[in-house]
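Below is one structure, written out as structure tokens, with a few remarks after it.
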Amino acid sequence: MTLVSSRIYPVRWHDNKVSLIDQTRLPQEYTVVEISRCQDMADAIKSMIVRGAPAIGVAAAYGMYLGAKEIETTQTDVFLKELEKVAQLLRETRPTAVNLFWAISRMMRTAYETLGTVDEIRDSLLKTAQDIQTEDLQTCAEIGKNGLAALPTEPKQLRILTHCNTGALATAGYGTALGVIRACWEANRLLRVFADETRPRLQGAKLTAWECVQEGIPVTVITDSMAAHCMKQGMIDAVIVGADRITANGDTANKIGTYSLAVVSKMHNVPFYVAAPLSTVDFELATGEEIPIEERDPSEIYQVGKTLICPQGTEYYNPAFDVTPANLITAIITERGAVKPSDLLGLKY
Ligand code: MRU
């Protein structure tokens, strides 16, 4: 399979450490943070230096390896016990995106299944982290192809609205929803991307727009509240979003604001697609009601940059994700094809 990539790699393993593009500083500054300790990786995930479900999975996998390197023992049983603590530290960083838990479980499985010395287990852990990263690039390229095939055939060039960032920065380097958009662009099927700014962290305005500009993809940033108006004006042909966790029935947790986008899409007969790898599907959960929703610090709401925008004495509620019910989703696009949410179970390995 040919690997397509954006050449934007949010997580890079080199010289025994991990480099992360600091996504909290884009687009003003492109800076790279070097991580060589597990605790620093946990902090980077928590503070959103690295974010986006698949990228968090890749980062956590390397975090597991960094943690494994810090364990000072040659006894396998002691090592595995300590590694469980490393896994727990990383699990506690962010609760909603299931790729984090999926990647940590896969790393733990590698540790238990490698029959050898502690050094050999460490080597297998590094290999698994690298596999998770490479596989995500391949998986997203497949999602891109499948998405291109699933989108409406008319008009020839589509105007696609997206929410949050689901591009190279949010994955190993290609993207899920933005990967489909990238595939459309490469196939001359894209007229323009409309990027919701995505309050409060502005991943759409800051990151999606940055990626599009890097690659010459025409992009228009709108505020979240403008989406319904744009649809009513006939400016949008399709909506594509990513996912942080999809349950067995197709309910989808994604960045706050996704649910209202799905509601207005239905109202205006605009097809609404979710693009995600199967590692984002949590087949253990029956419906979206069971998905833990992260609540973040209220300062994300009452401050813009360093400026206070609310009066003293206000209360705040800051859920970082919402759940879109399966019945509002036209299709879920995965590496194994695009399916109706009700057919998702058929893709279970
Ligand atoms: O809080 P974030 O920035 O980690 O949230 C990211 C999203 O909600 C993305 O849409 C989702 O992870 C899909 S990324 C390919």
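The values are calculated or read from the model by the stated rules, or taken from the named source; none is laboratory data. For clarity, every value in this text was computed on a predicted model and none was experimentally measured. Positions of Cβ are generated from backbone atoms using ideal geometry, with glycine treated the same way; all protein chains shown enter the neighbour counts. We work out accessible area using only protein heavy atoms, side chains counted, and drop any ligands, DNA or RNA first. Shrake-Rupley method; radii C 1.70, N 1.55, O 1.52, S 1.80 Å.
What the table below lists for this structure:
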| item | result |
| --- | --- |
| ³J(HN,Hα), Karplus 6.51/-1.76/1.60, whole Hz, each residue of segment 190-200, x for Gly, Pro | 10, 8, 6, 9, 9, 10, 4, 5, 6, 5, x |
| The chain, accessible area per residue, ligands and nucleic acids excluded (1.4 Å, Å²) | 43 |
| Stokes-Einstein D for the chain, Kirkwood Rh over Cα pairs, 4 °C, 1.567 mPa s (µm²/s) | 64 |
| Kirkwood Rh and Cα Rg combined as Rg/Rh, segment 152-347 | 0.97 |
| Acute angle (nearest 10 degrees) that the helix 76-91 long axis makes with the longest principal axis of the chain, alpha-carbon atoms | 20 |
| Ellipsoid equivalent to segment 119-158 - semi-axes via the Cα gyration tensor, in Å | 38, 6, 4 |
| Among 36-48, 165-177, 113-125, the order from most to least packed when residues are scored by Cβ within 10 Å on average | 165-177, 36-48, 113-125 |
| On Cα atoms only, tilt of 258-267 relative to the major axis of the chain in degrees | 30 |
| Label-point gap, in nm, between Arg37 and Thr287 - each point 7 angstrom along Cα→Cβ | 4.6 |
| Of Lys85/Lys348; Lys17/Lys81; Lys232/Lys306; Lys46/Lys81, those spanning more than 28 Å from alpha-carbon to alpha-carbon | Lys85/Lys348; Lys232/Lys306 |
| Stokes-Einstein D (µm²/s) once Rh is taken as the Kirkwood radius of segment 3-158 over alpha-carbon pairs, at 4 °C in 1.567 mPa s | 78 |
| Cα-projected label distance for Lys46 with Asp131, points at 7 Å along beta-carbon direction, nm | 3.1 |
| Per-pair calculated FRET efficiency, R0 = 25 Å: Glu29 and Lys85 via Cβ, rounded to 0.05 | 0.10 |
| Apportionment of accessible area to carbon and sulfur, the chain, percent (1.4 Å) | 51 |
| For a label point 7 Å along the Cα-to-beta-carbon line of Glu72, residues of segment 111-127 with backbone N under 17 Å | 119 |
| FRET efficiency for Ser225 and Arg7, using Cβ-Cβ distance with R0 set to 30 Å, rounded to 0.05 | 0.35 |
